[in-house]
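The values are calculated or read from the model by the stated rules, or taken from the named source; none is laboratory data. Predicted model, so just to flag it, every value in this text is computed and none were measured. All Cβ positions, glycine included, derive from the backbone under ideal geometry; neighbour counts span all protein chains shown.
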There are 2 protein chains.
Amino acid sequence: MPIWAYDGAMARAATTSDAFNAIAEPQRREILVLLRGGERPVTDLARDLGMTQPQASKHLRVLREVGLVRVRGAGRQRLYGLDARGLRPVHEWLGGFERFWSGSFDRLDEYVQELKQAKQEGPHDGDDQ
Amino acid sequence: MPIWAYDGAMARAATTSDAFNAIAEPQRREILVLLRGGERPVTDLARDLGMTQPQASKHLRVLREVGLVRVRGAGRQRLYGLDARGLRPVHEWLGGFERFWSGSFDRLDEYVQELKQAKQEGPHDGDDQ
DNA sequence: TTGACACATGCCGATATGGGCATACGATGG
DNA sequence: CCATCGTATGCCCATATCGGCATGTGTCAA
């Protein structure tokens, strides 16, 4: 069966599919944080994060595939550097929820009601709870 | 062998472990977005997102376990509401990278160098590339 | 050229995911 | 009390993940 014709059970979205998935991994996040301090070779990162070199390489591969990291060959080393541009959309998506956590949670519903009223929009349904 | 004594190969972090993992799922993100418009019952969400009811329930379960969503029984319906507080830490973590995407990427390294110089920090290694 | 060093990759194993489907559960209405 | 609606769960499957380990690849030094 050709894989491309198969639309049945798919497991989980690939971790390399997007930044959201890439940063879901704690170790990968730590790598990104470290990289904020400048380019570093694989072994360096592995040591600092207490993981094996292959592990570091694999995580870096993922980060590279989603474009959060770039590589630069420096002699026999491979310097990994941060490319945070891919994090921006994620940050912005989360920003869309900012007003929902800045207000008191208990009054969230009221707030939503206010919004609805103010914008006079409620296109998709007629439910009036 | 007792499972609890096993520290060998562990697959991936549970999707219910934290908000980072919870929002890694596109459908789950869509649910959160919808919920921004106010409380909604499961079936409603499922219909709007074009997924089956069990699926919606499962995703909502995950979101509930990480505290991004709360439930309220309303008659024989279960109204799901957004609780975005858990998104705040994520947003803040990403905020730590803001300055890395606002500047020109090509000058990122220089920028990092400036930072290093300015803060006079470079404690962990002696590599001087 | 050979050896050493820095990484990348391949393979195996255990896990948990997400989808489909059937069904159990809980509350309401008749 | 029973039928029904609205949800939650359980089970099966295929997948891909992440960890460990061994090994392949590329670069520099002697």
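Below are the figures for this structure:
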read-out	value
Output for the stretch B:38-59, where each listed residue is more than 13 Å from chain A (Cβ to nearest Cβ), of a type outside the set (S, T, N, Q) and in contact (Cβ under 8 Å) with a residue 12 or more places away in the chain	B:Val42, B:Met51, B:Ala56
Residue among A:Arg64, A:Arg76, A:Arg72 that alone is of a type outside the set (Val, Ile, Thr), within 16 Å of DNA strand C (Cβ to nearest atom), touching a residue at least 24 places away in the same chain (Cβ under 8 Å) and surrounded by fewer than 18 Cβ atoms within 10 Å (Cβ to Cβ)	A:Arg72
Residues being more than 9 Å from chain A (Cβ to nearest Cβ) and either within 12 Å of DNA strand C (Cβ to nearest atom) or modelled with pLDDT under 95 (or both) - total across the stretch B:18-37	4
Search result, residues across the stretch B:17-45 that are closer than 27 Å to A:Ile23 by Cα, of a type in the set (A, V, I, L, M, F, W, C) and assigned to a helix (DSSP H, G or I)	B:Ala19, B:Phe20, B:Ala22, B:Ile31, B:Leu32, B:Val33, B:Leu34, B:Leu35, B:Leu45
Every residue from the stretch B:46-80 that is under 21 Å from A:Phe100 (Cβ atoms) and in a strand (DSSP E or B)	B:Val69, B:Arg70, B:Val71, B:Arg72, B:Ala74, B:Arg78, B:Leu79, B:Tyr80
In the stretch B:65-107, the residues that are of a type in the set (D, E, K, R) and either under 13 Å from the mean Cα position of the chain (by Cα) or facing chain A (nearest Cβ under 10 Å) (or both)	B:Glu65, B:Arg70, B:Arg72, B:Asp83, B:Arg85, B:Arg88, B:Glu92, B:Glu98, B:Arg99
